[in-house]
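The values are calculated or read from the model by the stated rules, or taken from the named source; none is laboratory data. Just so it is clear, the structure is predicted and the values come from calculations on it, not from any experiment. Here the Cβ positions follow ideal geometry from the backbone for every residue, glycine too, while neighbour counts run over all protein chains shown.
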């Protein structure tokens, strides 16, 4: 059974079109613990303890760096479309604060609208001295002789550029 060239070309075009269209579908990825629809964990201020929060929500995503008595539960949904950079579509952060006795003192919830864009500075700290070109680095030691061939003097720290303290001995 042979197919005419037009049918093969049409079938090839259909396969390529399906492949291109499937590349345009967004991919959603969830990070962190996601609650089922309609299920909202209830944490009672003044009643729940660290143990009850741990049994309800599990281990926290992170703990406060300076406030070790604050636990953060972070979940996010990111969307990736073909070759583009992923975009965060949804974020939920629950901050649970505990008092000195380990009892919940406050529960705060933050969303994507509470986030801030942090500008990263790409500057570098300059080093002292001059920068050498590649040619200077390759040919930098050509013509220099080792110091032990000239009287056996020791190599002093800092390149032996200052006066000697031992009287030249």
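Of all residues in region 57-72, those that are surrounded by 12 or more Cβ atoms within 10 Å (Cβ to Cβ) and either more than 15 Å from residue 92 (Cβ to Cβ) or in contact with a helix residue (DSSP H, G or I) (Cβ under 9 Å, 6 or more places away or on another chain) (or both) total 6. Filtering region 28-43 down to residues that are surrounded by 10 or more Cβ atoms within 10 Å (Cβ to Cβ) and modelled with pLDDT of 80 or more, which residue is farthest from residue 85 (Cα to Cα)? Among residues in region 28-43 that are surrounded by 10 or more Cβ atoms within 10 Å (Cβ to Cβ) and modelled with pLDDT of 80 or more, the one farthest from residue 85 (Cα to Cα) is 43. Answer with yes or no whether residue 98 is modelled with pLDDT of 85 or more, in contact with a helix residue (DSSP H, G or I) (Cβ under 7 Å, 6 or more places away or on another chain) and more than 23 Å from residue 27 (Cα to Cα). Spelling it out, residue 98 is indeed modelled with pLDDT of 85 or more, in contact with a helix residue (DSSP H, G or I) (Cβ under 7 Å, 6 or more places away or on another chain) and more than 23 Å from residue 27 (Cα to Cα).
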